Each structure stands twice: as structure tokens, then as C-alpha cells.
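Asks: Input: one structure, supplied below.
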Amino acid sequence: MTDDPTGRVDRRTVLRTVAGVGGAALAGCPGTAPESDGPTVQVTDGGGTGTQSPDSDPYLDLVRTYAPTLYFDTDERWFPTDPRPYASERDGETIVDGFDALDGYHAESEPGEPPAPTVFYNVVEYEDSPLVGLQYWLYSAFDQFTTNFHWHDWEVLHVFVDTDTGEPQLYVASSHSRKVPNNEFLDPEPGRVPRVLSELGSHSSALSVNDVPDQFQRLPTDGGLADITNSALEGIEDVASIPIAYGLPRDEGSRLPYVVPELDGEPLYEHDRLPNVDRAALVPPALTVRSFTDLSEPPGDLPRRENGLVFAHSGRDVSADIDYDLVPTTEIEHITDFTGPQLSFEFSVPEAVEDAIAGHITTTGAPWGQPRYENPAADITEPNHRQALAQRYDAIGDPAPGTVVFGKVAETVASPDAPENSGVRTEPTSYEAVALLESEPEAVPTFGGTAVVRDVPAGEHRLTVNAAGTAPHSERITVEESGGPTVAGVDGQIPLVANADATKVTVDPSQADSELTGLAILDDFAGRLYDAPLTGPDAVYVHSGGAYTTEVRDTDDAVGAFRVNPAVDAASVAIENPSTGKASLARFLAAIASETEADIAAAADIESGDLDTDDAVDAVGDVVSGNGDVTGQANAIRGLSQALASVASAAGKAADRAAAGDRAGADNQLRGVSNALEQVGERLSVARSALPDEIGNAADRRLDAATRRAEQARQQSKL
């Protein structure tokens, strides 16, 4: 990068290096050794210790200059306030109890007049450096989100300023947790007041620096600025040009269902310690669901975000609905804890026998107990931004190699190109989900259907994804020590299925004749939908309208395949004796050939295996509606059916030979399968015009799959 005379790195220069520094850092590739940040000094006093008054704070003018303007959703219930009125003494310590804060806040609330609007500030100097971190802490009495809620909520905006030039260097707006990339902007325009768009209920902070103050814009348009300068995730096609930050999903067109918080199995508003909290005190019913699992499909009619109250610092001449007070955090550092009974939410985890329900919770503590309070740079989640500050200031360490788990949620629906109940496709999701690593203390929400979990320890993990109205997805992933993004799902795609359409496919490797290590599921039309390590009994939800190949692999790299048709088989399908080798693959070939023969016969309204010429002529005449040579078309279908029957017969014999230990006999029959498949291809091309398009499409795909599996079976050393 090229520095200007003031030491500033041009923002556009930084953005041009996204594929370099940012990609390497996000991918966790070794390049620079991790460095610690320099020592810091908290310089905010403001009278909290009795040693100086607020107006004598040396940074007060700077704090006032960058005090953010806050935009809230029209349905917001918990605005930034002062927790001190709800404080009490317990065992010699000052605490804020969750019941007291939530009930007291609503007792004082009036429409359009939230109580005690307050923003707390903290100023941190980096020793022997002109860099300071201005922190703006926002306290809310409660957090209600999608499958997550908790008493109290602290959000923060960090503004890094160079005191030599007076210019801002970086904005960092917190979003949910450090596992989720924050919303960040490098080199904002000097003097422009930062704006924060607060997410409904959760208060995750999106930035607004462009010319549209009340909307979030992830990408630049019409020559203007985007609201973040986070980099993309290198090497992953689906997000290669999308800045990786949480953003503001409901402002970007996504559907985001909220959950009604419960305590001891009852809605929170029915608790006897909350007399001033009723249903209207929570996020409105139009946006909420009582349970993810009780819905048959994702909710489709959820309101979009609408702008509500605007807060601004009372000392600034800014048009706003509410003026807030700026108070130094030293005034409240005597509060040792923010407490309340733990609230939980149900997080479904698919199991082979019965789905598990994991109770998962998040809690919040006092800001002054967090590393980022003493070192604001600890909250920088974008490697490019940390690298830029490290080049300007010795006090900031280079970005450390890190790890990222990535997945993009998709919806699974019936394919219009497939016969009924014989094929699916995936399409981009319009609703958000929640991802949970079993090794992590909290779930992370998706943004635009994208799940990103940062700084995941190397090793084996289980990733589970839930969304309202869908069956859960769960898989094993391996995060490598050497770095590189760990891509979940298949090529980063995690397909979810509506509860109403879900069929569970289970595999128990203990029933196999070898040690199984991998499980994959492929649909005839959508292709590979699941592919993950297999370490024990596993369960995968698939769409009941698909036709699937379930594949297993063992420690010797031997493969087995099994045909699954949920519409025919059952609402839950167990793969019995999931063995690998020639016998398994041959049985699969027999099954898919017989299935295809039956579908073709049904399409022509002819009994499978009994294609009488006269009947065939009449039936095919109906199909082709008088176009072409009806007798020739009938003969083509008859020949196609016979070729498929030959495949099924030879494959069945190959399976029997392999099961009996007759390698030569099995391979001989498999050569017959390959020859018969060539005949199927020839006769399918002739009969194609006499078949409905959907049946022909399915036959094409199954022929390709059978040809690959036949070759795979011949190459297998295991019988």
C-alpha cells in the first residue's frame, strides 16, 4: 500500500487488496505472525472518581463530535437507557437484576417517550501513539431476537481517531458476537457524524455512512459509498464479491422471524415478577413465532423493516425525535453485574433415532469486564482494517491468522423439470437461519442466508443449522490448523427442507461390514446435497419430492450406494446394512434400472415388463398425438424397456456373485451391465420424443448416474 504524507492509507487502495491481504487473513493463511496491541490507558473520568468534572474531560469535545445518531425500527421496544435506576445491592455488590430492569423500564415507558435516553462513552488512549478509541456503549433492558434472547443488552460503536490530525480512522459497530463479522468502515469522511441503524430487538449495530441515512447499503451504487468496507471471502464463488459483515438483514430484503421468549415453559410476559410487561411490550406478533419446529414451512408474510425513532446527542444541532445524554462509563463502573435467570431456546439437532433438543443461551455482562473495553482494537473483525491501522500505528498489531467456517443456506423445492416426486432443486433462501457449532457458546444468525463463524479452533466440530419452519441440518466438519476457510455443506451450500416436505434418512455405521467414514446424498436433479464425515449414527432430512442416491464410503475408500424414494418408501428411511463394495453398487444399479423401467411404462400407461406391440402402439400414439411414426416410437419404448430390464437382471446377478465371493463372475456380470447401459443410451435417444419431457429428463440423469456407478463397481477391489 502507498501511504500519504499524513500516514493515512487510502481507502480505495485498501479495497483493491481484498484478494490479497484480506483474502489471506480471512482464509487463515500464514503470512504475518500474530502481534499484540500496545498498552492502553483509560482516560475517561468525567467525575466518576470525584477527581474531575465532566466538562474537564480532555476528550469531551471529540466525544461530542463523533457521538452517533441512532436510527431505530418502528417496532423497537427497548431503547438505550440508563440502568442505574434499576440497580440494587446484593451481598455487598451493586447489581442490575433483569426483572427489575425490564419491568421498571416498561413501567416508565410512554409511546414516543422512552425513559432516560442515554449513551455511555469511554475513551481509551494507546500509549505513545496519537490513536485513541472512542467507545459509545448503549444499554437496553432486554434483547429479543430469533431463537435467542436475554436480559440486558450492551452494544458498542468504536470510533478510532488520530489526535494529531483529528481525523477518524475506522468505525467498528458491534453485531451479535465476535463470532459474527462486525460492520466496519475504514477512513470515514472527517467531521461526518457516524450513524447507527439498530436491528429490531437485538440491537445489532449496522453502519450508515452513505447519502441515505436511514437505510443500510452493503454494496456501492450509482458512484456512492457502501456502508461498510469489509472484504469478501476469497475463493468462494457465491460470496466472492459480497463484503462479509452482518449488515442489517431485514433492510436487505430477508425474512427474519422472531421468537417469543419463555421462562420455565411460559411466555415471559406472564411471569408474576413482570406486572408491567404484557404481550405488547415485546416484538409484535406479526414478526414472531412461538416455535421453529411447530411451523410446517417457513413464514412467508413477515413485515419489512420500517424506520421509527431517531436519537441524537442533546448537545448537537441535529434533527431527531429523541435527544440522548452522553454519560461517561466511569459513572456506572460501580455496577458489578447484570443478572437474571438464564433464558433458553430450543435448537433442534437431527439424530438417527430421535431428534435432540439443545437448550442454548447467551448472556451479557458488564462492558468493563470485556477485553474490548480496555482495548477497542480487540473488536476489529476485518483483517484488512486491522492491517491498515497496523501500518499507520505501531500500537496496533498485524492481523493474526484466523479460521472461518462458511455456509450459505438454500431452500429445497420440487424441480419443475422432474416427474412428480422424482427430483428437487435448490434456490436462494429468502429467510434467515441460525447456525450453531457445538463447540461454541452461542449461535450465530445468518445474513442474506450466509453463515460465517470466525476464529473457530482447529479440530472436529458439529455444525447445526435451524430455521423457522424447516427441518434441522447437521454435519461434521474439520477445521484445519493450517488455515483456509472451512466450507460447510456441499461447495458451501446448506440446503434446508420445509417441515411439511421433510423425510429423514438415517444411517447407522455400526450395521456396516466395514468402518464407514463418509456419507453423501445426491438427488437425480439437484445433484449432491449432503457430503460429510460419518463418525456414528447420522440423520439427514431430504425433500420428500426427490429421488436420491445415498452413498457411503469406508476407511479403504470403498463405496456403497442405496436408492431412496421418500414418496414411495416412507416418511423416515433407514439405510439397512450400509455396506460398501461391488455387491452394494450392483444392487443399486438393479434398483435404479427397475425404477426407471417402471416410470417409463407408467408414462406410456403400459404394464412394466409386458410391452405388447399392439398395446404399445395405442399407448405411444396417445403420447405423440399423431406426430411421427407411432409404431416406430412404440418399438423404441419397448426396446428401451427391455434394455433397462437387462441392466437390472445383470446387476442383480453381479450382486449375487459378489456376495458369494465370486470376483470373476461379478466382474463379468458388471461388464454386461455396462453393455446394457450403452443400449439404454441408444434406445433412449430414439424413444425420447415419445416420452413426456419430465420422464425423459429423469431417464437421462439416471443413465448418467448408473454409468458412473457401473464403472465404479468394476473398479472396486472389495466385493
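Asks: Does the stretch 122-225 come out rounded, prolate or oblate by the C-alpha gyration tensor, with a ≥ b ≥ c the root eigenvalues, rounded set by a/c under 1.5 and, if not, prolate when a/b is larger than b/c and oblate if not?
Replies: oblate
Asks: Starting from the stretch 132-208, pick out the trypsin sites (Lys or Arg not before Pro) whose DSSP state is loop and whose Cβ has at most 11 other Cβ atoms within 10 Å.
Replies: Here the trypsin sites (Lys or Arg not before Pro) that fit, given the DSSP loop and packing criteria, are 192.
Asks: Report which label in (1) 0.96; (2) 0.99; (3) 1.07 holds the value of Rg/Rh (Cα atoms, Kirkwood Rh) derived from the coordinates of this structure.
Replies: Read-out taken from this structure: (3).
Asks: Once you sort the root eigenvalues of the Cα gyration tensor of the stretch 473-545 as a ≥ b ≥ c, which label holds: rounded (a/c under 1.5), prolate (a/b larger than b/c) or oblate (the other case)?
Replies: oblate
Asks: Can you give the net charge of the other residues whose Cβ lies under 14 Å from the Cβ of residue 91, counting K and R as +1 and D and E as -1?
Replies: -3
Asks: Moving on to the next point. Cut-off 17 Å, label point 7 angstrom out along Cα-to-Cβ of residue 319: give me the residues of the stretch 61-78 whose amide nitrogen falls inside.
Replies: Counting only backbone N, you get 69-72.
Asks: So for the pair residue 192, residue 346, with labels modelled 7 Å out along Cα→Cβ, what separation do we get in nm?
Replies: 4.7
Asks: Taking only protein heavy atoms into account and a 1.4 Å probe, give the accessible area per residue of the chain in Å².
Replies: With the other protein chains kept in place, the chain gives 39 Å² per residue.
Asks: Please find the FRET efficiency linking residue 598 to residue 557, where r is the Cβ-Cβ separation and R0 is fixed at 30 Å, and quote it to the nearest 0.05.
Replies: For R0 = 30 Å, the calculated efficiency reads 0.35.
Asks: Taking only C-alpha pairs under 8 Å that are 6+ residues apart, what is the relative contact order of the chain in percent?
Replies: 12
Asks: Residue 82: net charge of surrounding residues, Cβ under 12 Å, Lys/Arg +1, Asp/Glu -1, itself excluded?
Replies: -2
Asks: By DSSP, what percent of the beta bridges with both residues in the chain are antiparallel, rounded to the nearest 5?
Replies: DSSP beta bridges in the chain are roughly 80 percent antiparallel.
Asks: I've got another one for you. List every residue whose amide H lies under 5 Å from the amide H of residue 327, counting only residues 5 or more places away in sequence or on a different chain, with H placed 1.01 Å from N in the peptide plane.
Replies: 119, 120, 121
Asks: I've got another one for you. Residues of the stretch 541-582 with the amide nitrogen closer than 13 Å to a label point 7 Å from the Cα of residue 517, along Cα-to-Cβ, please.
Replies: Answer for this model: 553-559.
Asks: While we're looking at this one, here's another question. In the chain, carbon and sulfur make up what percent of the accessible area (probe 1.4 Å)?
Replies: Ligands and nucleic acids excluded, carbon and sulfur give 44 percent.
Asks: What distance in nm separates the simple spin-label points at residue 704 and residue 61, each placed 7 Å from Cα in the Cβ direction?
Replies: Going from the residue 704 label point to the residue 61 one covers 7.0 nm.
Asks: Further question: Net charge within 12 Å of residue 656 by Cβ-Cβ distance, Lys/Arg positive one each and Asp/Glu negative one each, not counting residue 656 itself?
Replies: +3
Asks: Give me the count of lysine pairs in the chain whose alpha carbons sit under 22 angstrom apart, restricted to pairs 8 or more positions apart or on different chains.
Replies: Count of close lysine pairs: 5.
Asks: Here's a follow-up. Fully extended, how many nm does the chain gain between residue 286 and residue 455 (0.36 nm per residue separation, minus their Cα-Cα distance)?
Replies: My answer for the length gained is 57.3 nm.
Asks: Take each uninterrupted DSSP H stretch in the chain, measure its Cα extent along the helix axis, and return the ones at 24 Å or beyond whose mean Kyte-Doolittle hydropathy is at least 0.0.
Replies: Once both thresholds are applied, what remains is 582-603, 630-659.
Asks: Can you give the extra length, in nm with one decimal, that the chain gains between residue 686 and residue 163 once fully stretched, where that is 0.36 nm per residue apart less the Cα-Cα distance?
Replies: Between residue 686 and residue 163, full extension yields 180.4 nm more.
Asks: May I pose another question? Mind checking the full-extension length gain between residue 576 and residue 36? Use 0.36 nm per residue of separation minus the Cα-Cα distance, one decimal, nm.
Replies: Working it through step by step, the gained length comes to 189.0 nm.
The values are calculated or read from the model by the stated rules, or taken from the named source; none is laboratory data. In this text, all values refer to a predicted model and were calculated from it rather than measured experimentally. Please note: Cβ atoms are built from the backbone with ideal geometry, for glycine as well, and neighbour counts cover all protein chains shown. Surface areas here come from the heavy atoms of the whole protein model, side chains and all, with no ligands, DNA or RNA. Shrake-Rupley method; radii C 1.70, N 1.55, O 1.52, S 1.80 Å.
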